Amino acid sequence: MNFNLLSVLYTTPLGPVDSESLINSLKLMGLGMVGILVVMILIYAVIVILNKTTRDKDQK
């Protein structure tokens, strides 16, 4: 397979976009999505813990 075809994917007004910069941007986007997922899980865990600790004794 010839990877030289992907040396410049397209040209923008800011300059050419090559495959290396595209891969780096996808990695950064993936890290951002994982970070958002972790924060959402932490918020959910805090809500569950607060609901269990502040529940009335009469409710079961």
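Listing for the model above:
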item: Compactness of the stretch 3-53 as Cα Rg over 2.2 N^0.38 Å, two decimals; result: 1.98
item: 5 angstrom amide H check on D18, placed H, neighbours 5+ away; result: L9
item: Using θ = phi - 60° and Karplus 6.51 cos²θ - 1.76 cosθ + 1.60, couplings along the stretch 37-48 (whole Hz; Gly, Pro as x); result: 4, 5, 5, 5, 5, 5, 4, 4, 5, 5, 5, 5
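Since every read-out is calculated from the coordinates, none of them should be taken as a lab result. Keep in mind the model is a prediction, meaning the values are calculated, not measured.
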